[in-house]
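Sending over a structure as structure tokens; questions will come in a sec.
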Amino acid sequence: MRGGSYVVARRIRISLEHWDRSEVDFQEQVIGRHKYSGAPIGKSGEHDALDLDRQDQDGNPLIADNAHVRLGAAATNDGAQILRRGYSYNDGVGFTAERWPPWRQGMMYDAGLFFVAYQRDPCTGFVKIFENMARLDALNQFATHHRRRFVRLPGPALAEGEFIGQMLF
């Protein structure tokens, strides 16, 4: 993949029926941001820098050790960063039925985030960050990852007569 790059795409279902019932303070601790302003905990502006060293009056981290923003931050991942974007999706309500005891039936809201990340090397970016988040992220109790794709984007033709993607063959 000389000169190429990758796109990682993931469909992440969020259990909104449970998330919406939790207290706003709990939601803020899980994410590490104030819900209404989007600011990092302890800050006032959405685009303010994270202060991962800041502590509360009892000496605990202001942004919890298992908060989503902490685990995704470059400072927590040996400098690993990704260019990413999330898009909300809503596929409505689906019917579920279990075929084993206790044979429950119900409806489930199918909505969440379509996550797209662009990077030069997923092993030093996405994979490094994802492994950290998969183990510790408090948001995992509400998220289920469905469908994942790694798409290779070959680099340009490097010499006269070569075609784009030739190095893959």
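The values are calculated or read from the model by the stated rules, or taken from the named source; none is laboratory data. None of these values were measured; they are calculated from a predicted model. So basically every Cβ, Gly included, is an ideal-geometry build from the backbone, and we count neighbours across all protein chains shown. Note: accessible area is taken over every heavy atom of the protein model, side chains too, but ligands, DNA and RNA are not part of it. Shrake-Rupley method; radii C 1.70, N 1.55, O 1.52, S 1.80 Å.
Under a 1.4 angstrom probe, counting protein chains only, how are Asp56, Asp137 ranked by accessible area, largest first?
The most accessible residue leads, giving Asp56, Asp137.
With a 1.4 Å probe and all protein chains kept in place, how much accessible area does Ser37 have, in Å² rounded to the nearest 10?
Counting only protein heavy atoms, the figure is 50 Å².
Pick out, from Cys123, Phe95, Phe142, the residue whose Cα sits farthest towards the positive end of the charge dipole of the stretch 26-169, with +1 on the Cβ of Lys and Arg and -1 on the Cβ of Asp and Glu.
The one lying farthest along the dipole's positive direction is Phe95.
Normalised by the number of residues in the stretch 1-147, what is the relative contact order in percent for Cα pairs under 8 Å and 6+ residues apart?
37
Enter the angle in degrees (range 0 to 90, nearest 10) between the Cα long axis of helix 126-136 and the first principal axis of the Cα atoms of the chain, meaning the one along which they spread out most.
20
Now for a different question. Test of understanding: in a Gaussian network model of the chain with alpha carbons linked when under 10 Å, which of Leu139, Leu71, Leu16 would top the mean-square fluctuation ranking?
Leu16
If I compute solvent accessible area with a 1.4 Å probe over the protein chains, what percent of it on the stretch 74-118 is carbon and sulfur?
Ligands and nucleic acids excluded, carbon and sulfur give 55 percent.
For the full complex of protein chains and a 1.4 angstrom probe, list Lys35, Lys43 by accessible area with the highest value first.
Lys35, Lys43
Stretched out fully, how many nm does the piece from Val127 to Asp25 gain, at 0.36 nm a residue minus the Cα gap?
Result: 33.7 nm gained on full extension.
Might you work out the accessible area of Tyr109 for me, using a 1.4 Å probe with all protein chains in place, and round it to the nearest 10 Å²?
The accessible area of Tyr109 comes to roughly 80 Å².
So what J values fall out for the stretch 82-92 if you push phi through Karplus, 6.51 cos²θ - 1.76 cosθ + 1.60 with θ = phi - 60°, rounded to Hz, Gly and Pro as x?
9, 8, 9, 8, x, 10, 5, 10, 8, 9, x
Solvent-accessible area per residue for the stretch 52-156 at a 1.4 Å probe radius, Å²?
Per-residue accessible area for the stretch 52-156 comes out at 70 Å².
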